[in-house]
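Novice: Sharing a structure, written as structure tokens. Questions coming.
The values are calculated or read from the model by the stated rules, or taken from the named source; none is laboratory data. Everything quoted here is computed from the prediction, not taken from an experiment. Positions of Cβ are backbone-derived with ideal geometry, glycine not excepted, and every protein chain shown enters the neighbour counts.
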Amino acid sequence: MRVTHFLVAVSLLLAQAGPAAAGAAGGLLPGGRTISGPAPLLLAMGASERVHNDGATNRNVCVTVLNTGRSQVTMTLTGTGNPTTDVAPGSSKALCVDSAQFVDVSCTGASACSAQWRVDSN
């Protein structure tokens, strides 16, 4: 009887820890060309944050955003061009731009946003 209670308790504990462990393992990791990030980002609905500012060297970069929340985020790169893309909840996207000056991430969904971002040299 004690073994049964112990197994049930362990099963419940593992079931609760599963999502937390999966979230930690599924995040962005630094790579060999990472120049800033990876870092988590929490934004209020309608808010925006400049996550990278490179006005002096203007390197060519690729930016990856992983949307870890339940609301859409938008990344905007400013450089030779101004590419923009929306990142749906639970997905990730990457954009590249030459001579990057700024990278902005905005919460464009219907509620607060959470995401992870990383900037790599291209």
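Novice: Which one is surrounded by the fewest Cβ atoms within 10 Å (Cβ to Cβ) among residues in region 93-105 that are in contact (Cβ under 8 Å) with a residue 40 or more places away in the chain and within 14 Å of the chain's Cα centre (by Cα)?
Specialist: The qualifying residue surrounded by the fewest Cβ atoms within 10 Å (Cβ to Cβ) is ASP104.
Novice: So, in region 40-59, exactly how many residues are assigned to a loop (DSSP other than H, G, I, E, B) and crowded, with 20+ Cβ neighbours inside 10 Å?
Specialist: So the count comes out to 0.
Novice: Then there is this: Which ones in region 60-71 are in a loop (DSSP other than H, G, I, E, B) and surrounded by 17 or more Cβ atoms within 10 Å (Cβ to Cβ)?
Specialist: THR68, GLY69, SER71
Novice: A further question on this structure: Just checking, which of THR57, THR108, THR84, THR80 is β-branched (Val, Ile, Thr), at pLDDT below 95, over 14 Å from VAL119 (Cβ atoms) and more than 14 Å from the chain's Cα centre (by Cα)?
Specialist: Unique residue meeting the criteria: THR80.
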